[in-house]
1. At 7 Å along Cα-to-Cβ for each site, give me the label-to-label distance between Ala263 and Gln241 in nm.
2. When the helix-only estimate is applied to the chain (DSSP H runs of n ≥ 4, each -39,500 (n - 2.57), divided by the residue count), what is the mean residue ellipticity at 222 nm, nearest 500 deg cm²/dmol?
3. If the label point is 7 Å along Cα→Cβ of Lys276, which residues in the range 73-102 have backbone nitrogen under 17 Å from it?
4. Lysines near Lys242 by alpha-carbon distance under 28 Å, same-chain residues fewer than 8 away left out - which ones?
5. What share of the DSSP beta bridges in the chain is antiparallel, in percent to the nearest 5?
6. What does the extension gain come out to for Arg21 and Thr208, with contour length at 0.36 nm per residue minus their alpha carbon separation?
7. Can you report the principal axis dimensions of the chain using only the alpha carbons, biggest first, rounded to whole angstrom?
8. Taking neighbour Cβ counts within 10 Å as the exposure measure, how do His88, His229 sort from fewest upward?
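Read-outs throughout are calculated quantities, based only on the coordinates presented, and are distinct from any laboratory measurement. All of these numbers come straight from a predicted model, not from anything done at the bench. A quick note on method: Cβ atoms are made from the backbone with ideal geometry, for glycine too, and the neighbour counts reach across all protein chains shown.
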Amino acid sequence: MKLRLICGYVLLSGLAFGVERGEEIRLWANGAPGSEGETALEVSKPNKDNPKLPLQFSVVHYPSIYVFLPAKEKANGMAVVVAAGGGHSQVVIDHEGWQIADWLNKNGIAAFVLKYRLARAPGSKYTVEGNALPDSARAMRMVRSRASEWGVDPARIGFMGFSAGGELAALVETRFDAGNDSASDPIDRASSRPDFAVVVYPGFRPGTITVPKNAPPTFLVCADDDRSHVVTTVNLYLDLQKQGVSSEMHIYASGGHGFGMRANKLPEATWPDRLKEWMYDKKLLTPQ
């Protein structure tokens, strides 16, 4: 039986890599709750190097994930939903989305870059908790419900967020549910709980995050010269500690806000290495 399961996993993993890199999949095929009947166009900044992957979005009505699967020979079954920042007025999806997906794929990790609805875009009817959070939870459910199709281990799916996306990471890791077994939509039957969270220079109002005891292990990072965001990072870390949730935090002296994974000569540029070491420590990855 064990051999049969392994063979099935390998076969499904092989099929998964036929997916077009950066393929966009809407989270709700017939319209997201709160956006039913919407026909307006989304607004994005074009990317001359890759027209299919815009540099940013400033109007979002049709939340989706973009699928980036690692090379077959590198794939290890781990997956991450990635939420870029932008102050909820835009999604800086190139700098904190596509570039992050590249790093994850190089390390054998499947990436699912989230395009979520924007609560603070001019004229927006959306809210963070009423729309952007459900988009994040739906992304987790979709990846878990289609794990075998994409060659993903359903017990090693995390959520990584930057700035406003860091707020979504903090929300989805503290307000998850096990899914609805009686739902007609199979995606809604899957759990929205991340198996781990990566929270990068998050921004949120005090008192909006309540950490449960069963929150997932969390990795946090920010720069000390990003004063408003270092406070939220530290407070989240302390709240996780109070509940006995395993967590690791890195605060770099310099780096400012929005450093992502850009290469430079500052120590903060090494945080992806610390993240990978943490993944080894939590047995999410196996050193090669």
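1. It is 3.5 nm.
2. Working: 6 runs with 72 residues, N = 288.
For the chain, the value works out to -8000 deg cm²/dmol.
3. 73-80, 99-102, by backbone N distance to the label point.
4. Lys213, Lys276, Lys282, Lys283
5. On the way: 13 of 39 bridges.
Looking only at bridges with both residues in the chain, the antiparallel portion is about 35 percent.
6. Values: separation 187, 0.36 × 187 = 67.32 nm, distance 3.58 nm.
Here the segment from Arg21 to Thr208 would lengthen by 63.7 nm.
7. Cα spread of the chain along its principal axes, largest to smallest: 53, 47, 42 Å.
8. On the way: His88 23, His229 20.
So the ranking, lowest neighbour count to highest, is His229, His88.
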